[in-house]
Amino acid sequence: MTTFVFPAPDVVTLPVVGAAARFPVRRIYCVGRNYLAHIREMKEAEDERDPPFFFQKPRDSIVEDGARVPYPADTEDLQYEIELVVAIGRTARDIPVEAAASVIYGHGVGIDLTRRDRQRDCRDKRLPWEAGKSFDHSAPCGPIYPAGTGGDPLRGEISLTVNGTLQQRGDLSEMIWNVPEIVSKLSQSYQLEPGDLIMTGTPAGVGPVVPGDVVVGHVQGFGSLTLTIAPREA
Ligand code: MN
């Protein structure tokens with residue numbers, strides 16, 4: 001029997017709608033720049049025709065629906081990004097677009113929390129994005145709707161409110177790479193495995209939150225995800 005020098009980390013899981021069994025999380029991939037309206041609002045010097053790209057968050061940055069998220073260290077500009085989440089259920093490598101649906105376990109709602117000030121530093125200094133994107137509690141994620149249940153991942157409203165005021169609204173059909181294209185492209189760089197999650201990018205309207213704010217993300221047919229921003233941990 002394997003023993004450990006200290007207790008091994010917990011398995012990170014998400015609830016599955018309509019099932020008692022939970023979805024065990026392996027990796028969290030994210031797509032950057034997947035909605036033109038968000039690329040434009042970011043006003044970056046980059047060419048807006050540059051294709052989307054991938055980055056990752058640590059698995060233990062997952063927080064569940066209803067959580068209180070402490071305001072993170074090392075930022076004065078915490079921002080929300082509402083995103084459709086794709087949950088992978090089968091191994092996939094170099095999978096064609098037409099076959100991508102066969103490896104998808106389900107879908108859900110996620111919020112790509114971002115330390116925008118650190119992300120801008122990373123861009124300005126041409127450094128990796130981890131400081132801006134891959135911090136503790138940075139991957140809130142709602143319950144997973146098994147494929148064939150819930151909404152249509154190719155179209156439907158995606159929106160986010162802060163304290164009841166609408167801040168983001170777009171449509172899944174506005175993605176530059178749609179869900180099958182994302183799965184196909186990602187599988188050309190990494191072997192996808194059951195338990196992988198993909199946050200698929202955000203529409204326009206991103207902005208800051210402060211402690212006390214209540215953030216509700218919604219994707220048509222895939223439920224909602226509510227967070228309360230709590231004070232920074234002492
Ligand atoms: Mn994002």
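Selection within region 57-107: residues that are in a helix (DSSP H, G or I) and not hydrophobic (A, V, I, L, M, F, W, C). The member of this set that is farthest from residue 34 (Cα to Cα) is 60. For region 197-222, the set of residues classified as within 26 Å of residue 36 (Cβ to Cβ) and assigned to a loop (DSSP other than H, G, I, E, B) consists of 200, 201, 202, 203, 204, 205, 206, 209, 220, 221, 222, listed by residue number.
Step by step: first the residues of region 26-37, then only those that are surrounded by fewer than 20 Cβ atoms within 10 Å (Cβ to Cβ) and part of a loop (DSSP other than H, G, I, E, B), then the one that is farthest from the ligand (Cβ to nearest atom). Which residue is that? Per the criteria, the residue is 26. The residues listed here are 23, 53; of these, the one that is among the hydrophobic types (A, V, I, L, M, F, W, C) and at pLDDT 95 or above is 23.
For region 187-206: of the residues being under 12 Å from the mean Cα position of the chain (by Cα) and among the hydroxyl-bearing types (Ser, Thr, Tyr), which is nearest to the ligand (Cβ to nearest atom)? Ranking the qualifying residues of region 187-206, first place goes to 202. Out of all the residues in region 32-57, which are out of contact with any Lys or Arg (no Cβ under 9 Å at 6 or more places or on another chain) and in contact (Cβ under 8 Å) with a residue 60 or more places away in the chain? Within region 32-57, 33, 34, 35, 36, 37, 38, 40, 41 meet the criteria.
The sole residue among 92, 73, 67 that is out of contact with any Phe, Trp or Tyr (no Cβ under 9 Å at 6 or more places or on another chain), more than 14 Å from residue 140 (Cα to Cα) and away from the ligand (no atom under 15 Å from the Cβ) is 92.
The values are calculated or read from the model by the stated rules, or taken from the named source; none is laboratory data. For clarity, every value in this text was computed on a predicted model and none was experimentally measured. Counting neighbours? That spans all protein chains shown, and the Cβs are built from the backbone with ideal geometry, glycine included.
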